[in-house]
1. Helix-only estimate, please: 222 nm mean residue ellipticity of the chain, summing -39500 (n - 2.57) across DSSP H runs of length 4 or more and dividing by its residues, to the nearest 500.
2. Need the C-alpha centroid separation for region 1-27 versus region 52-77, integer Å.
3. Find the Rg to Rh ratio for region 6-45, where Rh is the Kirkwood radius over alpha-carbon pairs and Rg uses the same atoms.
4. ³J(HN,Hα) across region 38-51 via Karplus (A = 6.51, B = -1.76, C = 1.60, θ = phi - 60°), whole Hz, x for Gly/Pro?
5. Just add up the charged neighbours of Gly79: K/R +1, D/E -1, any other residue whose Cβ is under 15 Å from the Cβ of Gly79.
6. With +1 on each Lys and Arg Cβ and -1 on each Asp and Glu Cβ, how big is the dipole of region 1-101 about its Cα centre, in debye rounded to the nearest 20?
7. Considering just Cα atoms, how many Å³ per residue does the convex hull of the chain enclose?
8. By per-residue mean of other Cβ atoms within 10 Å, what is the highest-first order of 87-94, 30-37?
Amino acid sequence: MGAVDEQSFQLLCRLCGNEAADRVRLVTTMWDDVDESEAVEVEETLKGTHWQSFVQAGARPRRFDNTSESAWNIVESLGITTKTLLLQKELVDMGKALEDTTAGKRLRQGKSVTLW
C-alpha cells in the first residue's frame, strides 16, 4: 500500500470510528486479472498489517470478482442495520468544529490526503 493510500485509509478509519467499523467492507478487486495465490498473499498481508486494527474492530474484507453477483453479495453483506459514524457523533452530538474532530485532526497533520 502506497503512502497516499495509507493516508486515505487512515482518514477513512477516523471518519468511521471503531463503533461503525462493522459497517465497512474492505473490497479487493482484480481477482480475475491476477494470479490468485499472489493476490491471496497480498490480501493476507493487508489484513495482517495496514487493515489489521480496522478488521479487529469489525471491518470485513471482501473480494469483488467483477460480476454483478459478487457486487450484490458485498452490498447485501451490509444488511439493514445502520450506525452513526464517529464524524457524525463528533459534529452533531458533541458539537465539535470539523477541524477538532478525529478526522479533522488527521487532516491537519499536514499530510495531503487523496480521497477516492
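No lab work stands behind these numbers, since they all come straight from the coordinates. Fair warning: this is a prediction, and the values are worked out from it, not measured in the lab. Virtual Cβ from ideal backbone geometry, glycine too; neighbours counted across all protein chains shown.
1. Per the formula, -12500 deg cm²/dmol.
2. 13
3. Working: Rg = 13.0 Å, Rh = 11.9 Å.
On the Cα set of region 6-45, Rg over Rh gives 1.09.
4. Ordered by residue, 3J(HN,Hα) equals 5, 5, 4, 4, 5, 4, 5, 4, 4, 5, x, 10, 4, 8 Hz.
5. On the way: positive: Arg23, Arg25, Arg60, Arg62, Lys83; negative: Asp22, Glu76.
Value of the local net charge: +3.
6. Numbers: 10 positive and 19 negative charges, 130 e Å.
So the dipole magnitude of region 1-101 works out to roughly 620 debye.
7. Details: hull volume 13.0 nm³, N = 116.
Convex hull of Cα atoms, per residue: 112 Å³.
8. On the way: 87-94: 14.9, 30-37: 10.6.
Put in order of decreasing packing, that is 87-94, 30-37.
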